[in-house]
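In what follows, a single structure is set out as structure tokens and then discussed.
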2 protein chains.
Amino acid sequence: MGNDHEATSADAREHPIEGVSCPVSIPTNTTILMGHGGGGRLTHQLIEQLFLPVFSTPQLNARHDGALLSLPPARVAFTTDSYVVRPIFFPGGDIGKLAVCGTVNDLAMCGARPLYLSAGFILEEGLSMDTLARVVASMQNAARECQVSIVTGDTKVVDRGRGDGVYVNTAGVGVVEHDLTIAPASIRPGDAILVSGDIGRHGIAVMAHREGLEFETAIESDCAPIAAPVLDLLREGIPVHCLRDLTRGGLAGALIEIAEAAGYTLVVDEGAIPVSEEVAGACEILGFDPLYVANEGRFLCILPQQDADAALSILRKHAVTAHAVCVGHVSDAREGVVILRTSIGASRVLDLFSGEQLPRIC
Amino acid sequence: MGNDHEATSADAREHPIEGVSCPVSIPTNTTILMGHGGGGRLTHQLIEQLFLPVFSTPQLNARHDGALLSLPPARVAFTTDSYVVRPIFFPGGDIGKLAVCGTVNDLAMCGARPLYLSAGFILEEGLSMDTLARVVASMQNAARECQVSIVTGDTKVVDRGRGDGVYVNTAGVGVVEHDLTIAPASIRPGDAILVSGDIGRHGIAVMAHREGLEFETAIESDCAPIAAPVLDLLREGIPVHCLRDLTRGGLAGALIEIAEAAGYTLVVDEGAIPVSEEVAGACEILGFDPLYVANEGRFLCILPQQDADAALSILRKHAVTAHAVCVGHVSDAREGVVILRTSIGASRVLDLFSGEQLPRIC
């Protein structure tokens, strides 16, 4: 464990979290002790001196067992994800940014406006306080960018060798301010399938960093919030049928899940799927198929063909979706599978990979 | 790790979860593999064959990235806790029951009616599927008892030696159907301090089981949902000022946190604090002070003195709060401390313990 913590601490220096003024008053040259999870004086110090100064919200400052929220009258979306990515810091992001963006993005995929997050930490005894402070600061930075508040939290400490530095769980609450049913069941034959940008950056960035691989051009994770362009689509009245972010399982995984749930066959053109040269090259060297590599700032949007151009021009106004393209359509076949039309004119059915492609990627 | 998993599996047999019909179709004599967290076929199987058959709710069955909730127009309470208790199964409960009751109880302490939970699992490679199935079934049993639905979830898998079988995070959403401000800031000099039952059972039950200690009478955890009696108090119009559940840090920790936040001095009579003979005896042998031992089904209620008798008779109608008593009062001194009047007539100021009393207790 000692080695790993040194590695993440070195990583933190290597990829500084910029723009963070971190008013943490706990000494950052200390480490997490079992007592920080015991509910006594050390837990109290950790909350008062590290978490509260950074995540300063009225709800947290009330120091209650939960947060009271005022929500506009609307349907509410609720989601959760735990984050166990290794290493904690990687090019283009870190576990804190990921824990905020990932859950915000899941809310966006429900067509919801993200409002509030919870944060649950499982810390390993021996974690450096500096690393924790950087993760917390990064979460707050991302929350500010996403216009969400971290309003309630929890910290547990596990013995050395029963964790891996820090695991983070976030749950999110958002409001749905439209009447659409955004779900696989809403897709129809003829619908267009859009992808919001080039795929595979997150998985390759984390993998390359973990394995110490160096490419000519550094590949950065695409980890980013995608709520703004999605809310823009909805505000402009685009009748979105289905949204899905491309995380574990990659583009292929998301397409297959939707096809199975909807019962329609999806047809995608391999040549239309955007993959950067760097990612394509890295995938070739590493033996990965970019279709199955994880993303953390990309999504699928399925909508009526006649609305595709309007949707693309809205998406292209946002930096994070500037390279959105149409990659396929929903066919009227009811096999519930995904057919990939390859560049050489052949067709094959995509299957979920059966084991692990990249462990601990998010 | 291997030893630990065998131990928890043995524990599962020793303390069967009664009344569970567990329609799990995944072979339970298998173990968790890294691929179960990879987003591919194995993840899909785990969700379809283990989680969905047990946590069967319309929101989960929609297989979306989040759940859509219909909430009555009211203030909303939101809370989260992670659970890392060791061992996973203990007399009177297990990590699954704890993960549901703990978060439901935090919502109740906001004066909210608990409605929905999320469930995030961090599984260690090698965890027996049987153990996971039992934890999941126990969560569903507890959710049914608490009248909450588990509507969204997530599963991650970490390498062997980077976890401890299973960690669970739950976040909860509830509605606040009254106009009270239930918080330390609402307490007033003269208020009565009620405790909902005898203290220290959870900590001693887990500790004794972990260390293989045997007492003449088996001590069971008090792990239980406490929302029903709290909602009954509110429904009957009792003007509750503050609620706090007694978890890590015990009764002393909860009192000290409230005193510090409110700025008033709380005075409690040691002789009035209910501690069972078994717990008192075990504490004497183990060198613990029951005031600092964790509970998972006990809470503090601070309210005007003239409402104390009415509140006690409401609480005593519920089995979980049948032995509620008044243990002290809020003084008009503004030191923000807790004074314990001991049985021999002396007084001492209670302090938070500075390290860990019982690690991994919840």
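The values are calculated or read from the model by the stated rules, or taken from the named source; none is laboratory data. These numbers were taken from a predicted model, which means no experiment stands behind them. Reconstructed Cβ throughout: ideal geometry from the backbone, glycine too, with neighbour counts over all protein chains shown. When the accessible area is computed, the model is the full protein with side chains, heavy atoms only, and any ligands, DNA or RNA have been set aside. Shrake-Rupley method; radii C 1.70, N 1.55, O 1.52, S 1.80 Å.
So the values come out like this:
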quantity	calculated
Any chance A:Leu107 is facing chain B (nearest Cβ under 8 Å) and assigned to a helix (DSSP H, G or I)	yes
Residue tally, condition out of contact with any helix residue (DSSP H, G or I) (no Cβ under 7 Å at 6 or more places or on another chain) and more than 16 Å from A:Cys101 (Cα to Cα), over segment A:208-233	8
Matching residues, segment B:150-166, being open to solvent by 10 Å² or more (accessible area, probe 1.4 Å) and farther than 23 Å from A:Gly102 by Cβ	B:Arg160, B:Gly161, B:Asp164
Residues of segment A:37-83 that turn out to be facing chain B (nearest Cβ under 7 Å), open to solvent by less than 50 Å² (accessible area, probe 1.4 Å) and in a loop (DSSP other than H, G, I, E, B), as a count	7
Single condition B:Leu352 does not satisfy, out of (1) open to solvent by 30 Å² or more (accessible area, probe 1.4 Å); (2) assigned to a loop (DSSP other than H, G, I, E, B)	(1)
Answer residue from segment A:338-362, given it is of a type in the set (Ser, Thr, Tyr) and away from chain B (no Cβ under 14 Å) and is farthest from A:Leu266 (Cα to Cα) among those	A:Ser343
Residue in segment B:195-217 that is least open to solvent (accessible area, probe 1.4 Å), counting only those that are of a type in the set (A, V, I, L, M, F, W, C) and over 18 Å from the mean Cα position of the chain (by Cα)	B:Ala208
Top-ranked residue in segment B:280-295 [being surrounded by 24 or more Cβ atoms within 10 Å (Cβ to Cβ) and out of contact with any Leu (no Cβ under 6 Å at 6 or more places or on another chain); ranked as farthest from B:Leu213 (Cα to Cα)]	B:Tyr292
Filtered residues of segment A:318-341 (kept if farther than 17 Å from A:Asp307 by Cα and part of a helix (DSSP H, G or I))	A:Ala319, A:Val320
Test: A:Gly126 is more than 22 Å from A:Asn61 (Cβ to Cβ), in contact (Cβ under 8 Å) with a residue 60 or more places away in the chain and under 17 Å from the mean Cα position of the chain (by Cα)	no
Given (1) open to solvent by 30 Å² or more (accessible area, probe 1.4 Å); (2) more than 30 Å from B:Leu251 (Cβ to Cβ), index of the condition A:Leu98 fails	(1)
Neighbours by Cβ (under 8 Å, 6+ apart or cross-chain): first from segment A:142-167, among the acidic types (Asp, Glu); second open to solvent by 10 Å² or more (accessible area, probe 1.4 Å) and not in a loop (DSSP other than H, G, I, E, B)	A:Asp154/B:Asp81; A:Asp159/A:Met34; A:Asp164/A:Asp4
Residue selected from segment A:236-257 under the condition at pLDDT 95 or above and charged (D, E, K, R), by the criterion nearest to A:Ser313 (Cα to Cα)	A:Glu236
Of the criteria (1) among the acidic types (Asp, Glu); (2) surrounded by fewer than 15 Cβ atoms within 10 Å (Cβ to Cβ); (3) within 14 Å of chain A (Cβ to nearest Cβ), which one B:Glu335 fails	(3)
Filter pass, B:Arg341 being more than 23 Å from B:Val240 (Cβ to Cβ) and open to solvent by 60 Å² or more (accessible area, probe 1.4 Å)	yes
Index of the failed condition, B:Ile344 passing every other in (1) over 30 Å from B:Leu231 (Cβ atoms); (2) in a strand (DSSP E or B)	(2)
Of all residues in segment A:237-258 being within 24 Å of A:Asp309 (Cα to Cα) and open to solvent by 30 Å² or more (accessible area, probe 1.4 Å), the one that is nearest to the chain's Cα centre (by Cα)	A:His241
Matching residues in segment B:25-36 - criterion: being more than 9 Å from every other protein chain (Cβ to nearest Cβ) and assigned to a loop (DSSP other than H, G, I, E, B)	B:Ser25, B:Ile26, B:Pro27, B:Thr28, B:Asn29, B:Thr30, B:Ile32
Segment A:254-270: number of residues that are aromatic (Phe, Trp, Tyr) and touching a Cys at 6+ places or on another chain (Cβ under 7 Å)	0
Criterion violated by A:Lys97 - all others in (1) more than 30 Å from A:Gly161 (Cβ to Cβ); (2) more than 9 Å from chain B (Cβ to nearest Cβ) satisfied	(1)
Yes/no for B:Val206 being among the β-branched types (Val, Ile, Thr) and in contact with a Lys or Arg (Cβ under 7 Å, 6 or more places away or on another chain)	no
Hey, A:Ala261 among the aliphatic types (A, V, I, L, M), more than 18 Å from A:Val104 (Cα to Cα), within 14 Å of chain B (Cβ to nearest Cβ) and open to solvent by 40 Å² or more (accessible area, probe 1.4 Å) or not	yes
Elements of type strands (runs of 3 or more DSSP E) contained in segment A:113-231, each with 1 or more residues being modelled with pLDDT of 95 or more and within 10 Å of chain B (Cβ to nearest Cβ)	A:113-124, A:149-158, A:166-176
